[in-house]
Amino acid sequence: MSARVAVTVSVNGTTHRREVEPRLLLSDFLRHELGLTGTHVGCEHGVCGACTIRLDGAPVRSCLMFAVQADGHAIATVEGLAPAPGRLSVLQEAFRDAHALQCGYCTPGILMTVSAFLEETPDPTEEEVRHALSGNLCRCTGYQHIVDAVLLAARRLREG
Amino acid sequence: MKPAPFEWHAPDSVEAALALKAAHGDDARFLAGGQSLVPAMNFRIAQPAVLVDLNRAPGLGTIAQDAEGALRIGAMARNARIERDATARGSHPILAEALHEVAHPQIRNRGTLGGNLAHADPASEMPAVMLALGARFLLRSLRGAREVPAEEFFLGPLATALGPDEMLAEIRLPPLPPRTGTAFLEVARRRGDYAMMGVAAVVTLDADGRCTHARIACCSAGPTPMAAPLAAAALEGSRLEEADIAGAAALVRQEVDPMGSVHASPAYQRHLAGVVAARALRLAKARAA
Amino acid sequence: METRHIGRAVTRNEDARLLAGRALFVDDVELPGMLHAAFLRSPHAHAEIRSVDVAAARARPGVVAVVTAEDLGAYWKPGPLLVPPPPIPGVVFRQRCQVPLARGVVRHVGEPVAMVVAESRYIAEDALADIVVDYAPLPAVGDLEAALAPGAPRVHADLPDNIAAEVRQAKGDYAAARARAAHLVRRRFRYDRGASIPMETRGIVAAWDAKADRLTVWDTTQAPVVIRNGLAAMLGLAESQVRVVAPFIGGGFGPKIMMFYPEEMLVPWAALRLGRPVKWIEDRLEHFFATTHERGQIHEAELALDAEGRILGVRDEFLMDTGAYDPYGLTVPLNSQCTLLNCYDIPAYESRFRAVFTNRTLVSPYRGAGRQHGIFVIERLLDAAARELGLDRVEIRRRNLIPPDRFPYRNEIIYQDFAPLTYDSGDYAALLDKALAAIRYERFLSEEQPRARAEGRHLGLGIVCYVEGTGIGPYEGAKVRVQPSGKVTLATGIGTQGQGHFTVLAQVVAEQLGVDVRDVEVTTGDTDQFDWGVGTFASRGAVVAGAATHEAAAAVRAKVLKAAAEHFECAEADLVLADGKVSIAGVPERAITLGELARLANPLRGAVKPGTEPGLEATRYFGPEMGATAAGVHAMVIEVDAETLRPTIHRYVVVHDCGTVLNPLILAGQIQGGVAQGIGNAFFERLVWSEDGQLLNASLADYLLPTSLDVPRMELHHTVTPSPLNPLGTKGAGEAGAIPVGALFAQAIEDALDLPSRGIEIAEIPLSPSRLWEIVHGGG
């Protein structure tokens, strides 16, 4: 077993410092060291997308990184999406209005993927939305309402 | 699915990384984007004793054209960056076309071209693209540096010409001549999956529309990325008419050696090799004109 | 009654928590001193265990306990039989339930052999590698037909063969029907194994509170009350000493109701023994081996028709893969047996199935739960019959539909609830007509398809019918209470895995009590809140718990009106219940809030009158006399690339009848999700096994769930024939979407590639481009 290593990360704007084993997955670090359990774990081999977070703005799989690698980086998770406690972001609202979640387990990863996608593609077509979602598996919804929600959020964001 | 313990080093220079690799040899693995290695570690299929993390070693992520017009891509350049890089898109558009088929944006945001190639999965798209482009790889170690052509780099499934102390440091892609068209096409079960068959095609035409040079390489087609030199040779001198393409596709079917998977029988893969090669050649021809 | 809440597309009460990342899932439970379990699982499909050496594992720093079968003492015994065999004459059923840890022999890859409990999951997994097991591999049983061959290796050595069960059912006189048939269509069909793959795997956290003498278990189960009762019995505790919580669950689809999984028996036991909380979260690799599968069946079926294409009778014989143990009884094959008769008036039927033990993961119901097999068989037979008789595929179906004046229609075959299935209500021709219009059937045949063919494109259409028996008993209950705050709470014993119960059940309460849906707080799956009930399965949650909720809310409404009438000294008939208060009709300023009434009904001084109860609360139970039968038609236009055999779905139409619609938004989600799983089942998902019983694609990279690019936009239509069996008129909708998709794909692909004209038929599911290529090129 190797020695613990210090990690300092900013998560949703708050700086956290911990000492962890190098093998600790970033997903486990966020969930069990920092208690940010909104990020979910579905496969631990990078396929399902439930654990998607944003690392310096880019969506990545938190199950395919070691926590020690996040040292000095800025992470955004689902807990940071809402503008204030008790309120939802435009994207989150659109997911509720379009019934884009059922069990809700895949939802945090999808929100993190889509939040980045809409920054790059503010006026997407349905086809573009479907491509953007294709790296996040959902077993409940059949995706249709998720696609609707993303298009709805895009429209609302454009219309301000 | 938690990785076994390992000793972790994140050297701040390429030289320090090479020294660590030289010291630990096969016990150590370089950690690039981690998008293949970390899943294997989570499954405990891979249990390296030492990880040499290259993410803090500067100088490995550049994408630039050199004086001869060749495109040089640092091994740690993230796939998403290569996909969007204006220089790369201009000089070798097949890179972005093929990278688009590599997993999903979340994976490409982290994964690197060097990591992908050093992993040497014969199902992966990029090794085949490297063969088709005539890529040369810069391998570095404390002993020095050497350049290895792509066709000598891939030795078998997950096996390469890299020595235990060597790092794949840079990918060098010669410039494409004028009137060259490229195409990468694949058939996969789902978007982002490894292909059941993928074909990279590069054709160069003369002013009369006659093919002066062709390269074809396939992924998921054998123990390594599989070039189809006979098919390519058959095209040279032709006008890439439908009959020429059909003839080349038939040769591609013979030149591949697919191993089958849970998704596709070898017979179906061989059939696909012809189908996809023909489609890729048509597209490359149209782009060359 | 004018409805204000039922039938509205209310957005969900539960979403704010889920969207903000604040919803509690089992793996989110963190307790001081918590330990982590991991399981050593058999790498062999079938092997004798000669020895297990755990000494090195026990010595590893951070390991707290290593448990083998021997260490369990008297606690080691097979799990309970969840569903007993049905009361059918001549039924054969051999009960072989799963054991907590293998002793002497392992019978499938992934069967647990030892449990490690350690300070972290990482260490627990390290210790698994320290355990040395001496296995002597035995020949494995995989193929269903080979399993029944004389001299085949036996999964259970104490049994004479691998037959787990045999059931014959019949109606009418098939031999007579066959004798006078103008046409016989005989075919063999194969349906292969798949898995439900919820995005959240299974997990359990158990904590023993020595001071309170109580065990609390968080479990990803669909049936928390039954788990509570079973755990109390196994552990020798009173039911009141055990609390089982099924918090937010990341999808279930059936397999999360299998009882008891070995881990469900062992983790609470370990928490009690060690006096520290223990968590086990199944990882995705384990999930592929340790959570139940479904779908493996082989059918030999024969359809007897008259010259006009009317069905005279059906004979079907099938084998069903039950895996290594059979604790869930015969639910799946009974569903197949019953549902084969579909929406058609079939006077004679003879069916025999044999459930077969194999050296594979256990089988228990997964969304559709055997119904898709029955639908596949009858719909494929009708497609073949239509061709042989020169009839249009729609016409042959239309001629055989049960007419609307025949309801209740007696299917007669014993269903999963052990009662002869009766279809309560329906109008099947109306469903078919709506689907034909929506998919533009005539135009497709006369214009679209010929035009596409002329262009060298391969367009095909599929249209198939299905029924689904839903909402079975025995019962569910609900407790409704008005809080002094004016909010209303509802507790029920079912678990919830994304079906929107927090909203749909709130709508049912709001309807009765005139409160805002957002002011109804629903608790499901916490045995401290409500501990009578059965569980969420068989498309029954909204139907059975919904009806119980309705009854309880209606009883509270009566109490509210009575209390308000006393308060205002007026007649109940003069009262209006709306907007969270009771007012006197025509005098809106004379009003009292529900909260105030609740306080008045629970006085600190003064007497609650004899014979009355304090508070505004009621608990009611609902048990339907039988299940309600939903029905529908799916239609699809597909294009197949003739070179690669990859399909693209151009249009997908669902017409569905599930009686009264409680919430159209949530219903649409259920249907769409069901279709997506159906598409996975039909074209993407297949568990692939080697000869020696190894699962070859145990990862999400190789077991292919459909993505957003694989599931098309669906067009949904509804018809409504309310069920007479419950006060709301509802029928279940959870599984319907998944049921007909295999039959639909087979028909549409045949049509697109014009396979029957080449003498090729599709007789199996799942398909894939590679498999289609083999079929088309004569690979059988």
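Can you tell me which condition C:ALA429 does not meet? The list is (1) modelled with pLDDT under 95; (2) among the small types (Gly, Ala, Ser); (3) surrounded by fewer than 23 Cβ atoms within 10 Å (Cβ to Cβ), and all the others hold.
(1)
So which helices (runs of 4 or more DSSP H) stay within segment C:244-348 end to end and still have 1 or more residues that are within 14 Å of chain A (Cβ to nearest Cβ) and touching a Cys at 6+ places or on another chain (Cβ under 7 Å)?
Counting at least 1 such residues, we get C:284-290.
Having 1 or more residues that are buried (at least 19 other Cβ atoms within 10 Å of the Cβ) and more than 11 Å from chain A (Cβ to nearest Cβ) is the bar; report the helices (runs of 4 or more DSSP H) wholly within segment B:1-120 that clear it.
B:14-24, B:79-84, B:86-91, B:93-99, B:113-119
Can you tell me which residue within segment C:681-723, out of those that are more than 9 Å from chain A (Cβ to nearest Cβ) and of a type in the set (Gly, Ala, Ser), is farthest from C:PRO139 (Cα to Cα)?
Within segment C:681-723, the subset more than 9 Å from chain A (Cβ to nearest Cβ) is C:681-698, C:702-704, C:715-723.
After this cut, where a residue has to be of a type in the set (Gly, Ala, Ser) as well, the list is C:682, C:690, C:693, C:698, C:723.
Values: C:ALA682: 31, C:SER690: 13, C:GLY693: 9, C:ALA698: 22, C:SER723: 51 Å.
Looking at residues that are more than 9 Å from chain A (Cβ to nearest Cβ) and of a type in the set (Gly, Ala, Ser), I get C:SER723.
How many residues, within segment C:125-152, are of a type outside the set (A, V, I, L, M) and either within 14 Å of chain B (Cβ to nearest Cβ) or on the phi > 0 side of the Ramachandran plot (or both)?
Within segment C:125-152, the first condition is being of a type outside the set (A, V, I, L, M), and the residues that meet it are C:125-126, C:130, C:134-135, C:137, C:139, C:142-143, C:145, C:150-151.
Within this subset, residues satisfying the condition of being either within 14 Å of chain B (Cβ to nearest Cβ) or on the phi > 0 side of the Ramachandran plot (or both) are C:125-126, C:130, C:151.
Qualifying residue count for the region: 4.
Taking segment A:103-117 only, how many residues are touching a residue at least 40 places away in the same chain (Cβ under 8 Å) and in a loop (DSSP other than H, G, I, E, B)?
Residues meeting the conditions: 2.
Yes or no: B:SER220 under 30 Å from A:VAL47 (Cα atoms) and among the polar types (S, T, N, Q)?
Answer is yes for this residue.
Collect the residues in segment A:106-143 that are under 14 Å from A:LEU81 (Cα atoms), facing chain B (nearest Cβ under 9 Å) and either of a type in the set (Ser, Thr, Tyr) or in contact with an Asp or Glu (Cβ under 7 Å, 6 or more places away or on another chain) (or both), keeping them in residue-number order.
A:THR113
For segment A:56-76, which residues satisfy the criterion of being in a helix (DSSP H, G or I) and at the interface with another protein chain (Cβ under 8 Å from one of its Cβ atoms)?
A:CYS63, A:LEU64, A:VAL68, A:GLN69
Among the residues of segment B:159-191, write down those that are in contact with a His (Cβ under 6 Å, 6 or more places away or on another chain) and closer than 27 Å to C:VAL640 by Cα.
B:ARG189
Please determine whether any residue of segment A:109-120 is modelled with pLDDT of 95 or more, over 15 Å from the mean Cα position of the chain (by Cα) and either outside the structural domain of A:ARG17 (by TED's automatic domain parsing) or within 22 Å of B:GLY111 (Cα to Cα) (or both). First the steps, then the outcome.
The first filter runs over segment A:109-120 and keeps only residues modelled with pLDDT of 95 or more, leaving A:109-120.
Filter once more, so that each one left must be over 15 Å from the mean Cα position of the chain (by Cα): A:120.
Among the residues that remain, those that are also either outside the structural domain of A:ARG17 (by TED's automatic domain parsing) or within 22 Å of B:GLY111 (Cα to Cα) (or both) are: A:120.
Yes, because at least one residue in segment A:109-120 is modelled with pLDDT of 95 or more, over 15 Å from the mean Cα position of the chain (by Cα) and either outside the structural domain of A:ARG17 (by TED's automatic domain parsing) or within 22 Å of B:GLY111 (Cα to Cα) (or both).
Are there strands (runs of 3 or more DSSP E) fully within segment C:435-550 with at least 2 residues that are at pLDDT 95 or above and among the basic types (Lys, Arg)? List them.
Values: elements: C:459-470, C:476-482, C:488-492, C:520-524.
The qualifying strands (runs of 3 or more DSSP E) are C:476-482.
Give me a count of the residues in segment B:180-198 that are surrounded by fewer than 22 Cβ atoms within 10 Å (Cβ to Cβ) and either β-branched (Val, Ile, Thr) or away from chain A (no Cβ under 14 Å) (or both).
1
Being over 29 Å from the mean Cα position of the chain (by Cα) and within 29 Å of C:VAL226 (Cα to Cα) narrows it down to one residue among C:VAL63, C:VAL67; which is it? Before the answer, list the steps.
Details: C:VAL63 fails: within 29 Å of C:VAL226 (Cα to Cα).
Matching residue, one of C:VAL63, C:VAL67: C:VAL67.
Before we move on, is B:GLY209 in contact with a Phe, Trp or Tyr (Cβ under 8 Å, 6 or more places away or on another chain) and either touching a residue at least 40 places away in the same chain (Cβ under 8 Å) or within 23 Å of B:GLY90 (Cβ to Cβ) (or both)?
No; evaluated as a whole, the condition is false for this residue.
Out of A:ALA100, A:ALA6, A:ALA94, I need the residue that is more than 7 Å from every other protein chain (Cβ to nearest Cβ), among the aliphatic types (A, V, I, L, M), under 30 Å from C:ILE671 (Cβ atoms) and outside any helix (DSSP H, G or I). Which one?
Of A:ALA100, A:ALA6, A:ALA94, the one residue that is more than 7 Å from every other protein chain (Cβ to nearest Cβ), among the aliphatic types (A, V, I, L, M), under 30 Å from C:ILE671 (Cβ atoms) and outside any helix (DSSP H, G or I) is A:ALA100.
List every residue pair whose Cβ atoms sit under 6 Å apart, with the two residues 6 or more apart in sequence or on different chains, where the first one lies in segment C:178-197 and is in contact (Cβ under 8 Å) with a residue 12 or more places away in the chain and over 21 Å from C:GLU317 (Cβ atoms) and the second, anywhere, is part of a loop (DSSP other than H, G, I, E, B) and among the aromatic types (Phe, Trp, Tyr).
Pairs found: C:SER196/C:PHE253; C:SER196/C:TYR366.
When C:THR527 is evaluated against the numbered criteria (1) buried (at least 23 other Cβ atoms within 10 Å of the Cβ); (2) under 17 Å from C:LEU513 (Cβ atoms), which criterion, by number, is the only one it fails?
(2)
The values are calculated or read from the model by the stated rules, or taken from the named source; none is laboratory data. Note that the structure is predicted; figures quoted are calculated from it, not measured. Using ideal geometry, Cβ is built from the backbone for each residue, glycine included, and neighbour counts are taken over all protein chains shown.
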